[in-house]
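S.K.: Below are the structure tokens for one structure; questions will follow.
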Amino acid sequence: MTTETILKGTAPGKHRPAARYPRHRQLILKGNYAAAEAARLCRVGFVPAYPITPQTTIVERLAEMVAQGEMDARYVNMDSEHSAFAAALGASLGGERVFTATAGQGLFYAHEVLHAIAHFRLPVVIANVGRPSIPWNIWSDQSDSLAQRDTGWIQFYGESSQEVLDTVIQSYLLAEQLNIPVMVVLDAFYQSHTSENVWVPDIGLVDEFLPRRVPGPMSIDVANPKSFGGLVPPEHYNKMNYTYWRDAVQVAERAEQNAAGFARLFGRGYHNVEAVNIGPHTKLVLVTLSSITSTARGVIQKYPDVGLLKLRLFKPFPKASVQEALKELHKEAVLAPIERNFLGDREGAIFQEMQRALYGNPFRMYDFYAGAGGKDVSPETIEKIIYLARNHPKDVNWVDIA
Amino acid sequence: MKPVNEFLIQDEQVFSGAVSCRGCGWSLLARHLSSILGPNTVYVLPASCFSIITGPYPLNELKASVVHTLFAAAPATATGVRAALDRQGKKDTTVCIMAGDGGTFDIGLQALSGAAARGENILYVVNDNGAYMNTGIQTSTATPYGAVTTTNPGTGYKKSWPKDLMGIIAAHNLPYAATCSLAFLEDFRAKVKRARDTEGFRLLMVDGPCPPGHKIEPGDAIHVARLAVEARLFPLYEIERQHYKLSYKPDAYLPVEECLKYQGRFRHLFQEGNRQMLEDIQEHVDRHWRKLEALEKLHMEEEVTDKKAGYFI
């Protein structure tokens, strides 16, 4: 597919409503191209790249945009994800706005550097297209990013390509406000390689939301030499972690404020979590990440007493937002996280975080492993989960095991 | 005594108080290197002795910016730093990696190869002291054949030959690479200047004296470094786009044992029954020297041809 085809867009015609969002174009984009578009709109200046399925078309598209002069950035073909992330560290320390993308094994390989970028307090933003670990599997799974939840990075999960694009834009603002890196996660193939209508804002509109990055005290300044990252004695290290924590606990509130500012400018709103049909009448709440949310949205329309809690911000876990979303829930209600991850423990990552957020609350919670390694979580699977959750579930359930 | 204005270092670019061991090559290396590169430099240091020597937080021995980075990642980190500086119009700022042999021959080799092959505008200085000295003398692929380390102790001394890093580097077709010795300071300084003034990826490999690791007296450090060059254990040469040029040809043939005998890590080689190992090392060293001479000769022949063809660089 040529760039022309990708970017041609769909002109508003008489059979279409007039532009829903002013200062936007509506394009048909795969999720990966939406992520790449977002990096361009954010005026990213440095892209260290390394291919890995199913992320590859993100860095290919960025290469194309840089080569064609649509994007003023330095693009470097690196020798590994470890090196790509280390280059991101160097350029971000140098004051540039940096973007890269990876998936699965690439994210695992970069693990050490993820910690370094976070603890250097660098506002790097990446897209991760979730896939699990070897034995080889390239399909949708969130084990890769969820296994990196303790690296200090902020994590957002996008339900749609629109959300991925919008979240990357919001992520740069958040990252640069707090000096904490952000990982925007999209689903392999269901999102990365699936075309959707996406409203792409004009770059001028993005400029109004996202100011140019201003190098701060943690940037290299040749005229004012400093040393970064040298051996830090215990007292200082402890204090550095304290100041990090002080900023990390602001993430949820800042993210909400930024999303509200985004909604005012762009006309589309987001929250850290989204509650669908959650009220005193709700007997069961499905808890989801990414595109499984869309499937669940459809299914619960048949079940008036089933609600949905979508987690958009996953790290730092938005405890207060979750509690707020569930505040009207009856104490007899049941929560059912749907896990497209397996981290080697009895319960999946979503269950663990939800339990932590809801400690002391009366709700019963049953965990549902479904869809690891890209196994389809179809409407029927969601219905099975609903059935099981209501009819003597086990504490932990594996759905659709042949 | 020479008058002050004849010291090699006219413009000191390090502060006092480096925490190196006595007789360590790193401090001398850093003093000379930084005096030539000047303050308009960003140093990138992977985990290494020098990362410690130049100062734990909040200290900085160098009067320039320093980025301490991950062990495997100095060339990649420097790639990002270089890109940022270039985008900000600071093309005259030197980006200089200072790494040990572990960070270069082993864990950092892939990133080094990547940056070298991309032709990043970076100066890479490796202080080859032949083991992971910072963690306490563990074997690296730069460790010489026959040497004892804490991971090749006693009769389990190293039984494989060190990697020919310069050969690997030459294969990357760099505009400039050279070996240097702290016992030949004027040659070292000339090579640093040449490297500084060359654009692209440049690499200098310095023979690094390490008294605790080599088991030598600190006062003998430079003497042993000189003997390593004289005995052709550490030949001095330059490589420009795969063209080799020997910088120093010893007048007399000095057997390797004259250098090795100072180093406790080779003490067992002088015990009864181990004579063959010394001969093996001598043969290896002689063969390497003949190879360098042949490569230099090839260079001279090619230079004539290239000049005729009009594309000599």
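Each reported figure results from applying straightforward, stated rules to the coordinates on display, with no laboratory input. Keep in mind that this is a model prediction, so the values were computed, not measured. A quick note on method: Cβ atoms are made from the backbone with ideal geometry, for glycine too, and the neighbour counts reach across all protein chains shown.
S.K.: Take the cross-link list B:K90/B:K291; A:K283/A:K375; B:K163/B:K297; B:K163/B:K193; B:K90/B:K249 and give me the ones stretching past 30 Å between alpha-carbons.
M.R.: Too far apart for the 30 Å limit: B:K90/B:K291; B:K90/B:K249.
S.K.: Also, I was wondering about something else. Once R0 is set to 22 Å, what does the formula 1/(1 + (r/R0)^6) return for the Cβ-Cβ distance between A:Q68 and A:I28, expressed as a FRET efficiency to the nearest 0.05? Mind dumping the intermediate values first?
M.R.: Values: r = 20 Å, r/R0 = 0.89.
According to the calculation, E is roughly 0.65.
S.K.: Which residue, A:L173, A:V125, A:A333, has the largest displacement toward the positive end of the dipole of chain A when charges sit on each Cβ (Lys, Arg +1; Asp, Glu -1)?
M.R.: It is A:A333, whose Cα lies furthest towards the positive end.
S.K.: Starting from the Cα of A:D221, step 7 Å along the direction of its Cβ; do the same at A:Q301; then give the gap between the two resulting points in nm.
M.R.: 5.6
S.K.: Could you name the aspartates and glutamates whose alpha carbon sits less than 13 Å from that of B:K191, not counting residues in the same chain fewer than 8 places away?
M.R.: B:E238, B:E240
S.K.: A further question on this structure: Would you mind computing, in nm to one decimal, how far apart the modelled labels at B:K193 and A:H392 are, each placed 7 Å from Cα along Cα→Cβ?
M.R.: Rounded to a tenth, the inter-label distance reads 8.9 nm.
S.K.: Follow-up. A:W245: net charge of surrounding residues, Cβ under 15 Å, Lys/Arg +1, Asp/Glu -1, itself excluded?
M.R.: My count for the surroundings of A:W245 gives +3.
S.K.: A further question on this structure: Kindly provide the Kirkwood hydrodynamic radius of the protein assembly as shown in Å, to one decimal, from all pairs of distinct alpha carbon atoms.
M.R.: Details: mean 1/r = 0.0355 Å⁻¹.
After inverting the mean inverse Cα-Cα distance, the result is 28.1 Å.
S.K.: A further question on this structure: If each residue's Cβ is checked for other Cβ atoms within 10 Å, how do B:L109, B:L203 rank with the fewest at the top? Could you put the intermediate results ahead of the total?
M.R.: Values: B:L109 17, B:L203 26.
Ranking B:L109, B:L203 by Cβ neighbours within 10 Å, fewest first, gives B:L109, B:L203.
S.K.: Based only on other Cβ atoms within 10 Å, what is the fewest-to-most ordering of B:T155, B:T93, A:T288?
M.R.: Working: B:T155 7, B:T93 23, A:T288 28.
With the fewest neighbours first, B:T155, B:T93, A:T288 line up as B:T155, B:T93, A:T288.
S.K.: Relative to the Cα centre, what is the charge dipole magnitude of the protein assembly as shown, using +1 at the beta carbon of each Lys and Arg, -1 at the beta carbon of each Asp and Glu, and rounding to the nearest 20 debye?
M.R.: Once rounded to the nearest 20, the dipole reads 1180 debye.
S.K.: Taking R0 as 60 Å, what's the FRET efficiency between B:E258 and A:N238 from their Cβ-Cβ distance, rounded to 0.05? Working shown, then result.
M.R.: On the way: r = 52 Å, r/R0 = 0.87.
Efficiency computed from Cβ-Cβ geometry: 0.70.
S.K.: Rounded to the nearest 500, what is the 222 nm mean residue ellipticity of chain A from helices alone, with -39500 (n - 2.57) per DSSP H run of 4+ residues and division by all residues?
M.R.: -11000 deg cm²/dmol
S.K.: Next question. Say R0 is 22 Å: what FRET efficiency, to the nearest 0.05, do B:M300 and B:D164 get from their beta-carbon distance?
M.R.: 0.50
S.K.: Report, in deg cm²/dmol and to the nearest 500, the calculated mean residue ellipticity at 222 nm for chain B, where each DSSP H run with n ≥ 4 adds -39500 (n - 2.57) and the sum is divided by the residue count.
M.R.: Estimated from H runs of four or more residues: -11000 deg cm²/dmol.
S.K.: Also: I need the phi-derived Karplus couplings for segment A:199-211: 6.51 cos²θ - 1.76 cosθ + 1.60, θ = phi - 60°, integer Hz, Gly and Pro marked x.
M.R.: Ordered by residue, 3J(HN,Hα) equals 7, 9, x, 5, 5, x, 5, 5, 4, 5, 7, 10, x Hz.
S.K.: As a test of the definition: which semi-axes, in Å, follow for segment B:14-309 when you take the square root of five times each eigenvalue of its alpha carbon gyration tensor? Largest first, please.
M.R.: 30, 25, 16
S.K.: Could you tell me how far the Cα centroid of segment B:248-285 sits from the Cα centroid of segment A:184-221, in Å?
M.R.: If we compute the Cα centre of each part, the gap is 61 Å.
S.K.: Counting only other chains, and only Cβ atoms inside 10 Å, what mean value do you get across the residues of A:109-118?
M.R.: 2
S.K.: If you don't mind, there's one more thing I want to ask. Got a sec? How would A:L313, A:L289, A:L205 order by Cβ neighbour count within 10 Å, fewest to most?
M.R.: On the way: A:L313 25, A:L289 28, A:L205 17.
The fewest-first ordering by Cβ neighbours comes to A:L205, A:L313, A:L289.
S.K.: Per residue of A:90-102, how many C-beta atoms from partner chains lie within 10 Å of its own C-beta, taken as a mean? Mind dumping the intermediate values first?
M.R.: Numbers: counts 18, 10, 3, 9, 15, 4, 8, 0, 3, 0, 0, 0, 0.
Neighbouring Cβ atoms belonging to other protein chains average 5 per residue here.
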